[in-house]
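No value in this document is a laboratory result; all are computed from the given coordinates. For clarity, every value in this text was computed on a predicted model and none was experimentally measured. Heads up, the Cβs are rebuilt from the backbone with ideal geometry, glycines too, and the neighbour counts pull from every protein chain shown.
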Amino acid sequence: AILRACGETVPTREVVGALSPAQLRRLGLATARGSTLVRLCRSMDLERLRDVPLDAVQVRLLRERGIGPWSFGVISLEGLGSYRHGLVGDLGLVKLCSALWGRWVEGWETAELLEPYEEWAGLAGVYLMRGWAAGLVPGASADQARLVRRAA
C-alpha cells in the first residue's frame, strides 16, 4: 500500500519524506514507525549510507529515536547488503531461543544466538528463523515455545 501511495516501485527518500506520518498510519504502518521513517527520509541522505563504513552507520542510526537493534538489522540486511547484523529482538528469534533454552527470553538475548556466526549473523538469523518455522531446528519446536511462554 505504501509503494502504491508513492507511485514508484522503489520510492526515493524524497517521495517517502513527502508523506506524513498520518498518511503512513492510514496505510497500515504504526504511528511511531511512520514518524521515524519520515523524519529519517527528511533529515539524511539514506543512499549515501552505502558509502560509509558499517560501524559508523550503526553508531549514527542507533542514535536516532525509533531505531534499535532490530531496525538496524533490517537496514543492514535489506538496505546495505551486509550480513553482519541480525534481527536482534525479532519475535521469531525470541520464540526460537525460548524453545531452545527452555525459558522465555527477552529480545536483547537473541544476540547471543547470533553471536557465533560473526560476520554472517544476519544471514544466519534469517535461515534459523526459516528453518525453525519449517520444524528443521533440532531441539526446538513451536509447541515448546508456546509452553515456555505460558509458563513465563
Item to check | Stokes-Einstein D in µm²/s, Kirkwood radius over Cα pairs - the chain at 25 °C with 0.890 mPa s viscosity | outcome: 145
Item to check | Extreme residue, positive dipole direction of the chain, given options Ala133, Ile2, Gln58 (C-beta unit charges) | outcome: Ile2
Next on the checklist: Sort 136-143, 36-43 by the packing proxy (mean of other Cβ within 10 Å over each peptide's residues), most packed first.
Outcome noted: 36-43, 136-143
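Counting only complete DSSP H runs, which helices of the chain cover 30 Å or more along their long axis at the Cα atoms and score a mean Kyte-Doolittle of -0.5 or above?
Membrane-span-like by this criterion, though nothing is claimed about a membrane: none.
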Checklist entry - Can you pull the three principal axis extents for the Cα set of segment 91-151, in Å, largest first? => result 34, 24, 16
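Plugging the Kirkwood radius over Cα pairs into Stokes-Einstein for segment 2-67, at a temperature of 10 °C and a viscosity of 1.306 mPa s, what D comes out in µm²/s?
D, rounded to a whole number, is 126 µm²/s.
Tell me, which longest segment in the chain has none of the GluC sites (Glu not before Pro) that fall in DSSP loops with at most 15 further Cβ atoms within 10 Å?
Segment 9-63 is the longest.
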